[in-house]
Amino acid sequence: MANITAAMVKELREKTGAGMMDCKKALTEKNGNMEEAIAYLREKGLSAAEKKAGRIAAEGLVESYIHSGGRIGVLVEVNCETDFVAKTAEFQEFVKDIAMHIAAANPQYVSREEVPAPVIESEKAIYRAAALNEGRPERVIDKIVEGRLDKFFSEVCLLEQAFVKNPDITVGQLVTDKIATIGENINIRRFVRFERGEGLEKRQDDFAAEVMSQIK
């Protein structure tokens, strides 16, 4: 049996917002394993972060991030419940981290719920055809398609991407942790990302032809 220390209980409480006794019980049940204790609290509905996640968040910040000499720019709106929290250094740093992540990881949507149905159906059709071409048995095709669709979501949905500053957690997990530590619901509402020249047909110079024309 692991020795459950006050520091461990405090850490779990900061991560989940659950009560001290609930945190101690969770750690005891899971023999001191922090991640399993977090899961235990969430399963039991004791995580205050999950309870806060249902509350209305209408305050917050719109943050900008410009990267690489003006090559990439991001605007993101992150909401919280009160103007007081929006003005704190912790919340402002969190929003900056989200903007930086968007610049680096180039998500297309905030969550999988935002992905249009036609896009999902198109991806499913591609994955199904690929699995059949690979000679996979028909009975496992649906499972393969769902697995590849989950991977697709993890690549294009902000909340499911691995956080660039800590790839061991997703952006969604980062948000949950911040809800617990800040004490208010937090919602990444929307973002736009601009990359210089994106979507434009760039000129492709034929250097050899240019040299030859000059010689002539």
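List of remarks:
- In the range 180-202, residue farthest from SER111 (Cα to Cα) [restricted to those that are among the hydrophobic types (A, V, I, L, M, F, W, C) and touching a strand residue (DSSP E or B) at 6+ places or on another chain (Cβ under 9 Å)]: ILE182
- Restricting the first member to the range 171-194 and to residues that are touching a residue at least 12 places away in the same chain (Cβ under 8 Å), and the second to residues that are among the hydroxyl-bearing types (Ser, Thr, Tyr) and in a helix (DSSP H, G or I), the beta-carbon pairs closer than 7 Å and six or more apart or on different chains are ALA180/THR16.
- Summed over the range 172-190, the residues that are outside any helix (DSSP H, G or I) and modelled with pLDDT of 90 or more give a count of 5.
- Verdict on ASP150 being charged (D, E, K, R), under 18 Å from the mean Cα position of the chain (by Cα) and within 26 Å of GLU93 (Cα to Cα): no
- Given (1) within 19 Å of VAL164 (Cβ to Cβ); (2) at pLDDT 90 or above; (3) surrounded by fewer than 15 Cβ atoms within 10 Å (Cβ to Cβ), index of the condition LYS87 fails: (1)
- Residue under evaluation ALA129, criteria (1) surrounded by fewer than 18 Cβ atoms within 10 Å (Cβ to Cβ); (2) modelled with pLDDT under 90; (3) part of a helix (DSSP H, G or I); (4) small (Gly, Ala, Ser), criterion not met: (2)
- Considering ARG203, ARG193, the condition of being out of contact with any Ser or Thr (no Cβ under 6 Å at 6 or more places or on another chain), of a type in the set (Lys, Arg) and at pLDDT 90 or above is satisfied by ARG193 alone.
- Contacts under 6 angstrom Cβ, first residue in the range 6-30 being farther than 14 Å from ARG42 by Cα and in contact (Cβ under 8 Å) with a residue 24 or more places away in the chain, partner assigned to a loop (DSSP other than H, G, I, E, B) and not aromatic (Phe, Trp, Tyr), 6 or more apart: THR28/ILE4
- Residue among ILE120, ILE98, ILE102 that alone is modelled with pLDDT of 90 or more, part of a helix (DSSP H, G or I) and farther than 16 Å from LEU174 by Cα: ILE120
- Identity of the residue in the range 102-126, touching a residue at least 12 places away in the same chain (Cβ under 8 Å) and of a type in the set (Gly, Ala, Ser), that ends up surrounded by the most Cβ atoms within 10 Å (Cβ to Cβ): ALA103
- Members of the range 134-177 found to be touching a Phe, Trp or Tyr at 6+ places or on another chain (Cβ under 6 Å) and either more than 20 Å from LEU75 (Cα to Cα) or of a type in the set (Gly, Ala, Ser) (or both), listed by number: VAL145, ARG148, ILE169
The values are calculated or read from the model by the stated rules, or taken from the named source; none is laboratory data. Source: prediction; values computed, not measured. Don't worry about glycine lacking a Cβ; one is built from the backbone with ideal geometry, like all the others, and counts go over all protein chains shown.
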